[in-house]
Amino acid sequence: MRIARSHRRRTVVAMVVVVGLVLAFVVRLVDIQIVQAGELNEQSAGKRSVESTVYGTRGDIVDSDGVVLAGSVMRYDVTAAPVNSAVTGSYTEQDREDDIAALADAIGETADTVRSALDDALEDDPESQYVLLASKVTLDVRDAVKALDIGWAYEPSHPARTYPRGAVAGSLVGFLGTDGPQFGLELSEDECLAATDGTETYEQSEDGVQLPGSTVVETEAVDGGTLKLTIDSDLQWYAQQRIADAAESLNAEWATAVVIRVEDGHLMAVADYPSVDPNDVDATDPDDIRSTSFATVYEPGSTFKAMTAAMLIDQGEASPTTQVTVPSVFTTSGGTIKDVFSHGTMNWTLTGILVNSSNIGISKLTDRVDKQTRYEYMLAFGLGKKTEVGFNGEASGILHSADDWDALTQYAVSFGQGVSATSVQVASIYQTLANGGVRMPVTLVEGCEHADGTVTEVPSDEGTRVVSKKAAKEVVEMLENFVTQGSMSSTLSIDGYDIAAKSGTAQVAENGSYGDDRVTSIAGIVSGDDPQYAIVVTMGMPKTNRTSSAVAPVWHDIAEQVIKTFRVTPSTEDVTELPVTW
Amino acid sequence: MSLPAYAPARPRPTVPVRRVEIVPGRAWRRARPRPLYAVIAISGVFGLFLAQLLLSIAVSNGAYRIASLQSERTELQRQQESLSEQVDVLSSTQSLAEKASALGMVPSDGTPAFLDVAKGKVIGTASAASASASDDLDAVPNALLPSEDDDTSTDDTATEDTSAEDTESTAVPTDAGAIDVTDSTSTSDSTGESDGTTTESSVASESSAASEGDGLPTPTTH
């Protein structure tokens with residue numbers, strides 16, 4: 001029928017159109033999905049899915065008040081993709097030159113350097129995607145480069161380290177190098193401080209915007225922990241300043257000042273000269289990159305007499321008023337022992353022996369306790385082994401076993417020769433004496449607070465008893481008399497405070513015999529009543545003045561600073577005057 | 001003979017074919033689908049497409065906004081870090097000691113006196129500070145502090161070797177608005193702050209020595 005036929009024709013036409021469209025789509029689909037699939041996939045893969053590093057931040061090193069001694073900052077590298085800097089139709093030679101000039105200006109280079117960097121990279125590899133133009137630039141340089149909007153220049157982040165207080169505690173904090181931490185706490189505490197980087201993958205559109213909902217954090221970054229030190233950075237600065245001044249005027253090779261808190265053995269300041277500024281390591285001689293207080297070993301000299309006196313009293317072999325006839329020389333089968341000033345036969349008490357720093361006097365008394373017992377006391381006082389700090393490069397000092405003590409050495413150790421120690425070990429001895437005979441573990445690190453809040457490396461608060469409370473107290477009293485009755489009374493005394501101190505002028509062995517050099521020191525305790533801080537100041541090989549009286553003003557100033565810093569109130573009781581002679 | 005039994009066929013008149021229309025009954029009418037439903041269905045489908053398109057646009061917009069806010073935040077964070085760094089360096093002991101010295105302050109000597117508020121008494125004796133011999137407080141260096149010569153730039157930090165290209169980036173970026181400590185002018189006018197009274201008043205003449213150092217404003221109070 002005519003109607004039916006036209007009807008059918010319309011249907012057929014419609015069907016043909018539909019089928020045609022479908023075929024067209026199918027062909028296109030086949031083309032995209034199968035024919036061009038490989039090429040398109042490749043093109044898109046690089047542009048779409050981006051894996052970026054999420055940097056973890058290295059932990060800070062802070063002092064006991066939270067002052068940052070070492071911190072992490074962000075710096076930026078300026079890199080270029082040389083292949084993208086090629087001259088094309090729309091990017092002319094002139095454009096390229098302009099960009100190179102502007103970029104060079106922003107990073108502080110010459111245009112030639114930049115151009116040759118790009119050209120050299122392209123020569124080696126025409127598809128070169130990376131060349132480093134500037135390393136670790138600051139934010140404003142990076143902003144300047146970014147503002148230039150150069151298509152082939154990039155400014156990736158580069159975490160770096162900064163030391164805001166410079167050389168303050170520089171030889172403790174240490175520094176990082178190309179391959180990681182090189183020295184100091186940065187090295188030994190790296191486990192606490194190091195961060196773990198994470199990765200993050202997301203898909204980005206052509207213009208670099210992240211496709212919504214496409215971030216997948218594959219691994220979380222873990223920031224490093226904060227390392228808290230026991231150091232007070234202001235006191236540390238003062239101590240470093242003061243010993244540096246003194247060392248320079250005395251022309252000493254090295255100098256140290258150690259301030260240790262009596263009740264818990266925490267180190268308040270560990271000042272070294274020479275010191276290193278971690279911001280500028282190259283300015284320091286590599287030999288000077290150490291913590292002298294921990295690493296330099298020397299025979300301490302007369303400051304050890306206080307320890308010997310404590311042993312004697314603890315063994316019940318002497319008391320502050322024990323009477324000794326001190327001759328002008330002490331002869332042993334190994335050699336003679338003399339005092340620093342010549343004298344006739346003197347009637348000195350033990351107190352007098354300490355006040356006058358008599359080697360002969362202390363040697364005579366030393367005989368009352370056998371070698372082995374004295375050796376064990378010295379071990380208990382921490383000699384011959386590293387302190388609990390375990391600092392990077394710490395020395396253990398030399399304490400020969402009692403059997404190896406020859407006829408001279410067995411007396412010499414009583415006045416600090418024939419045995420060697422570090423400044424920190426000497427400070428620990430005085431901490432023990434001030435703390436009623438209980439030695440606390442020497443502590444530099446208060447703890448490591450990790451990113452998740454847990455605190456590790458908390459120091460032990462267990463002490464060991466070395467001498468009796470009475471022995472320690474009596475020794476401190478004798479040392480107070482050193483200050484009130486001794487020759488350095490005017491330089492050491494601090495008005496209103498009971499100060500206990502002992503001087504040391506030690507000979508330095510060179511090639512088997514003692515030479516002209518000396519290591520001079522003052523070791524003392526601030527606030528006799530309630531001893532709070534032990535301070536040891538040492539000058540290594542001073543040239544202009546080889547006596548310990550040159551160290552006394554330095555000790556005095558640092559002690560005053562300790563009083564100011566920690567608000568030590570004046571003593572309420574007067575010093576018990578002990579007889580020096582009999 | 002009689003008439004035949006049948007009549008001869010007569011041509012019938014052509015009866016017009018009547019158009020027969022089927023009149024839909026009410027029931028029938030009700031059964032037929034209304035155009036309205038079609039319109040609703042199709043417009044609904046279009047509406048859904050439209051809604052999806054709009055949502056898609058909104059989400060993409062959101063993605064752009066997020067990207068832009070994130071980059072803004074990163075920029076601000078970076079600025080804040082950079083400024084914090086500057087603050088850290090300026091608050092370093094060396095910097096404070098330098099500035100205090102420049103203002104004519106001296107380190108206090110002697111022991112402090114204590115005020116025991118509970119007991120209402122003074123413990124110890126206070127003494128006035130005096131200018132001591134060693135006012136030179138630079139034995140503990142800090143490479144981050146800008147040196148007096150503005151042209152010498154120090155390398156930032158000791159981490160990792162710097163690249164072969166020499167970077168002349170200054171360690172402490174100076175912000176034009178902040179106190180410009182690197183600008184040490186030798187006139188008694190302080191830099192950065194335009195304090196016109198500095199050279200006039202007698203107070204300023206005492207502290208004019210201080211303003212010759214780093215460009216801190218000279219205080220005009222007594």
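The values are calculated or read from the model by the stated rules, or taken from the named source; none is laboratory data. From a predicted model like this one, the values you see are computed outputs, not experimental measurements. Quick reminder, even Gly has a Cβ in these numbers, built from the backbone with ideal geometry, and neighbours come from all protein chains shown. Ligands, DNA and RNA are excluded from the accessible area calculation, which covers all protein heavy atoms including side chains. Shrake-Rupley method; radii C 1.70, N 1.55, O 1.52, S 1.80 Å.
The table below lists the values:
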item: Test: residue in the range A:101-108 that is over 22 Å from the mean Cα position of the chain (by Cα), on the phi > 0 side of the Ramachandran plot and small (Gly, Ala, Ser); result: yes
item: Qualifying residues in the range A:492-532 (those that are within 18 Å of A:Ile243 (Cα to Cα) and among the polar types (S, T, N, Q)) - the one farthest from the other protein chains (Cβ to nearest Cβ); result: A:Thr505
item: Residues being within 22 Å of the chain's Cα centre (by Cα), within 24 Å of A:Ile360 (Cβ to Cβ), assigned to a helix (DSSP H, G or I) and of a type in the set (Gly, Ala, Ser) - total across the range A:408-445; result: 0
item: Qualifying residue in the range A:394-412 (condition: buried (at least 22 other Cβ atoms within 10 Å of the Cβ) and within 22 Å of A:Ser468 (Cα to Cα)); result: no
item: Test set (1) away from chain B (no Cβ under 11 Å); (2) acidic (Asp, Glu); (3) not in a helix (DSSP H, G or I) - A:Glu109 fails condition number; result: (1)
item: Any chance B:Pro141 is of a type outside the set (D, E, K, R), in a loop (DSSP other than H, G, I, E, B), at the interface with chain A (Cβ under 10 Å from one of its Cβ atoms) and touching a Gly at 6+ places or on another chain (Cβ under 6 Å); result: yes
item: Among residues of the range A:478-517, those that are buried (at least 24 other Cβ atoms within 10 Å of the Cβ) and farther than 17 Å from A:Thr303 by Cα, counted; result: 1
item: Set A:Pro212, A:Pro300: member being farther than 30 Å from A:Ile362 by Cβ, in contact with a helix residue (DSSP H, G or I) (Cβ under 6 Å, 6 or more places away or on another chain) and in a loop (DSSP other than H, G, I, E, B); result: A:Pro212
item: Matching residues in the range A:253-276 - criterion: being open to solvent by 10 Å² or more (accessible area, probe 1.4 Å) and not in a strand (DSSP E or B); result: A:Glu253, A:Glu263, A:Asp264, A:Pro274, A:Ser275
item: Among (1) open to solvent by 40 Å² or more (accessible area, probe 1.4 Å); (2) in contact (Cβ under 8 Å) with a residue 24 or more places away in the chain; (3) of a type outside the set (Lys, Arg) - the single one A:Pro441 does not satisfy; result: (1)
item: Residue tally, condition open to solvent by 10 Å² or more (accessible area, probe 1.4 Å), within 11 Å of another protein chain (Cβ to nearest Cβ) and assigned to a helix (DSSP H, G or I), over the range A:143-187; result: 3
item: Any pair with Cβ under 6 angstrom, 6 or more apart, that starts in the range A:263-286 at a residue that is under 23 Å from A:Gly71 (Cα atoms) and at the interface with chain B (Cβ under 10 Å from one of its Cβ atoms) and ends at one that is assigned to a helix (DSSP H, G or I) and hydroxyl-bearing (Ser, Thr, Tyr); result: A:Ser275/A:Ser171; A:Val276/A:Ser171
item: Residue match in the range A:47-62 (condition: in a helix (DSSP H, G or I) and either closer than 30 Å to B:Asn142 by Cβ or not polar (S, T, N, Q) (or both)); result: yes
item: Any hit, the range A:190-200, residues being closer than 30 Å to A:Ser521 by Cβ, not aromatic (Phe, Trp, Tyr) and not in a strand (DSSP E or B); result: no
item: Out of A:Leu193, A:Leu227, sole residue that is under 14 Å from the mean Cα position of the chain (by Cα), more than 14 Å from every other protein chain (Cβ to nearest Cβ), open to solvent by less than 60 Å² (accessible area, probe 1.4 Å) and modelled with pLDDT of 90 or more; result: A:Leu227
item: Options B:Ala58, B:Ala97, B:Ala102: the member that is open to solvent by less than 50 Å² (accessible area, probe 1.4 Å) and within 11 Å of chain A (Cβ to nearest Cβ); result: B:Ala97
item: Condition check for A:Val475: surrounded by 20 or more Cβ atoms within 10 Å (Cβ to Cβ), under 24 Å from A:Thr581 (Cα atoms) and touching a residue at least 24 places away in the same chain (Cβ under 8 Å); result: yes
item: Residues of the range A:16-60 that turn out to be within 30 Å of A:Tyr163 (Cβ to Cβ) and more than 13 Å from every other protein chain (Cβ to nearest Cβ), as a count; result: 3
item: Count of the range B:81-94 residues which are open to solvent by less than 20 Å² (accessible area, probe 1.4 Å) and of a type in the set (A, V, I, L, M); result: 1
item: Any hit, the range A:86-106, residues being surrounded by 20 or more Cβ atoms within 10 Å (Cβ to Cβ), farther than 30 Å from A:Leu211 by Cα and within 11 Å of chain B (Cβ to nearest Cβ); result: yes
item: A:Phe294 being within 40 Å of the chain's Cα centre (by Cα), more than 30 Å from B:Ala139 (Cα to Cα) and either buried (at least 24 other Cβ atoms within 10 Å of the Cβ) or charged (D, E, K, R) (or both); result: no
item: Given (1) modelled with pLDDT under 85; (2) touching a Pro at 6+ places or on another chain (Cβ under 7 Å); (3) exposed (fewer than 14 other Cβ atoms within 10 Å of the Cβ), number of the condition B:Gly124 does not satisfy; result: (3)
item: Looking only at the range A:117-142, and only at residues there that are under 39 Å from the mean Cα position of the chain (by Cα) and more than 7 Å from chain B (Cβ to nearest Cβ), the one that is modelled with the highest pLDDT; result: A:Arg142
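The rows are residues; the columns are (1) small (Gly, Ala, Ser); (2) buried (at least 20 other Cβ atoms within 10 Å of the Cβ); (3) in contact with a His (Cβ under 8 Å, 6 or more places away or on another chain).
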position: A:Pro278; (1), (2), (3): no, yes, no
position: A:Phe304; (1), (2), (3): no, yes, no
position: A:Thr331; (1), (2), (3): no, no, no
position: A:Ile353; (1), (2), (3): no, yes, no
position: A:Val369; (1), (2), (3): no, no, no
position: A:Gly384; (1), (2), (3): yes, no, no
